[in-house]
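Okay, structure first, notes after.
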Amino acid sequence: MPDVSFGNLHLIDWIVVLIYFVVCIAVGLFFVKKASGSTDDYFLAGRKLPWWIAGTSIVATMFAADTPLFHTGNVRQFGLDAGWLFFIPGFGVVMAAVLFARLWRRARVVTEIELLEMRYSGKAAKIFRGFNAIYGGVFKAAVTLGWVTLAMGVILESLFGIDRTTGTMIFMGIVLIYSISSGLWGVVATDFIQYFVATFGTIYLAVAAVNECGGLLAMRDQLMAIPDWSGNAMRVIPDPSAWNPNFSWMLIFGWLLIYSIELSTSGGFMGQRVYASKDERNAS
């Protein structure tokens, strides 16, 4: 194949990208009929998801465009031990699976707010549900989508050489095609494909980056030669104060506790996959 370049990518790269999007759209549209039967079919995939599909979809959703940028940036800036920040959400996920997943599935709710309405009653509960709807649906969602979309825009600009706003609108438009038309069925099916694509791509990129540096030892020597890296940059045992003078173990444990409680009790996108599971066993 001739080595023809368009922007920052070669022809073969654009072909791979095109195939990827065609497959995602085709898989999403394949489930349009399944999603059109009822509200449960559209929003909860008919409550028929096996654990391996629901679980993979959860992981793929957490593996957004900002994930590799955030964690590699932390390691580059603070040292190898900053990679432990990657595991903080894991505690909340385990708590949710062990303590709440079966109960979430048993409740047979469709949305997180519906679950809150079932769990709490009275005037205070109404205020709480209203606050949660506004905070989670407007402020939290806006911030989360904002940084994820920004990360995607930066990647598109770097790889494709196109304006990040234009690229973001094009790629988000493609996602809207299959997500709106096929509901949760299309989302989890494409998540399943995207998880393996992202995992393979991340591992391949890591291997290629190490090889480009001349191997692990050569990469370590090059990193240690950077002026703003301290002699403790290769430590494995976390030292929060080295990441930020204002950080301490108490702050990290507090952050961990708050994140775990929020993730394990509110559900969010993880709860939606649990609600959609075939039964309580698959949910947990």
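The values are calculated or read from the model by the stated rules, or taken from the named source; none is laboratory data. From a predicted model like this one, the values you see are computed outputs, not experimental measurements. Methodologically, a virtual Cβ is constructed for each residue, glycine included, from the backbone with ideal geometry; neighbour enumeration extends over all protein chains shown. Heavy atoms of the whole protein, side chains included, go into the accessibility calculation; ligands, DNA and RNA do not. Shrake-Rupley method; radii C 1.70, N 1.55, O 1.52, S 1.80 Å.
Observations on the structure shown:
- Rounded to whole Hz, the Karplus (6.51, -1.76, 1.60) HN-Hα couplings of segment 184-195, x for glycine and proline: 5, 4, x, 5, 5, 5, 6, 4, 4, 5, 5, 4
- Sparse-neighbour loop sites [trypsin sites (Lys or Arg not before Pro); segment 98-140; at most 14 other C-beta within 10 Å; DSSP]: R108
- Phi-derived couplings, Karplus 6.51 cos²θ - 1.76 cosθ + 1.60 at θ = phi - 60°, listed residue by residue for segment 142-154: 5, 5, 4, 5, x, 6, 5, 5, 4, 4, 5, x, 5 Hz, with x used for Gly and Pro.
- Between G271, G137, G122, the residue with the greatest mean-square fluctuation in the GNM of the chain (Cα pairs under 10 Å linked by springs) is G122.
- Approximate shape of the chain as ellipsoid semi-axes (Cα gyration tensor, √5λ), whole Å, largest first: 35, 29, 17
- Segment 68-92 and segment 118-139 have Cα centres spaced 32 Å apart.
- With helices as the sole contributors, the chain gives -22500 deg cm²/dmol at 222 nm; each DSSP H run of n ≥ 4 counts as -39500 (n - 2.57), and the sum is divided by every residue.
- Across q = 0.16, 0.23, 0.25, 0.29 Å⁻¹, segment 61-127 modelled as identical point scatterers on its alpha-carbon atoms has Debye log10 I(q)/I(0) values of -0.75, -0.98, -1.06, -1.19, in the order of the q list.
- Residue-level accessible surface for D221, protein heavy atoms, 1.4 Å, Å²: 80 Å²
- In segment 157-237, the trypsin sites (Lys or Arg not before Pro) that fall in loop regions by DSSP, at most 14 other Cβ within 10 Å: R235
- Fluctuation leader among I88, I12, I180 - the chain, Gaussian network, Cα springs under 10 angstrom: I12
- Heavy-atom accessible surface of V187, to the nearest 10 Å², is about 40 Å², with a 1.4 Å probe and all protein chains retained.
- Cα-based equivalent ellipsoid, segment 117-158: semi-axes from gyration tensor eigenvalues, Å: 35, 8, 4
- Accessible area (Å², per residue) of segment 1-123, counting only protein heavy atoms and a probe of 1.4 Å: 61 Å²
- Residue of G130, G153, G214 that the Gaussian network model of the chain assigns the largest fluctuation, springs spanning Cα pairs under 10 Å: G214
- L205 - accessible surface, heavy atoms, 1.4 Å probe, Å² rounded to 10: 120 Å²
- Scattering profile of segment 1-134 at q = 0.11, 0.13, 0.18 Å⁻¹ [log10 I(q)/I(0), Debye over alpha-carbon scatterers]: -0.73, -0.95, -1.21
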